[in-house]
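To start, the structure under review is shown below, and the notes come after it.
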Amino acid sequence: MGIFNIMNTSASGLTAERLRMDVIADNIANAQSTRTENGGPYRRKMVVFQENKKDFIVPMNLSKKDKKNMEGGVKVSQIIEDKSPFNYIYDPNHPDANENGYVAMPNVNTVKEMVDMITATRAYEANTTIITNAKGMANSALQIGK
């Protein structure tokens, strides 16, 4: 695997983890939203990753074997809604309360979202470290020729 393949693979991880962090931030921001455009409370969203079969840049003069070795990375295949049940709290004065006084609250657990945010941040940091190290190796290789 070449140095640019490493950088492209890590760059795909950076992009995917950034989107994951955006979705998590959206979940946290809507943790108390009882009314959405679709009606009803906000549903937690989750990011689904998939192996990236194509790389960002594939030079034209590579053999089939070399092109196959360039495959790698990750991409976001979809953003799905969590189908777990809503949380209900008793608040008869709330405008969205049902006839029994219960309000359907989003199925967002803030603690779980914070743990997911930390893991996404760590994955993002790992990918930036890989890119930094690959850049350092490339600079060291160029210094050999001097």
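We did not get these values from a lab; they are worked out from the coordinates using the rules stated. All values reported here derive from a predicted model rather than from experimental measurement. Reconstructed Cβ throughout: ideal geometry from the backbone, glycine too, with neighbour counts over all protein chains shown.
Some notes on this structure:
- Under 16 Å from the Cα of residue 53 - aspartates and glutamates, other chains or at least 8 residues apart: 66, 71
- Residues 130, 24 arranged by fewest to most Cβ contacts within 10 Å: 130, 24
- Relative to the longest principal axis of the Cα atoms of the chain, the long axis of helix 110-144 lies at roughly 10 degrees.
- GluC sites (Glu not before Pro) within region 84-144, DSSP loop, no more than 14 other Cβ atoms inside 10 Å: 99
- Based on DSSP H segments of at least four residues, each scored -39500 (n - 2.57), the chain has a per-residue ellipticity at 222 nm of -16500 deg cm²/dmol.
- Rounded to 10°, Cα long-axis angle of helix 3-29 versus longest principal axis of the chain: 10 degrees
- Mean-square fluctuations from a GNM of the chain, with a 10 angstrom spring cutoff on Cα atoms, peak among 91, 22, 116 at 91.
- GNM top mover of 124, 42, 88 - the chain, alpha-carbon springs below 10 Å: 88
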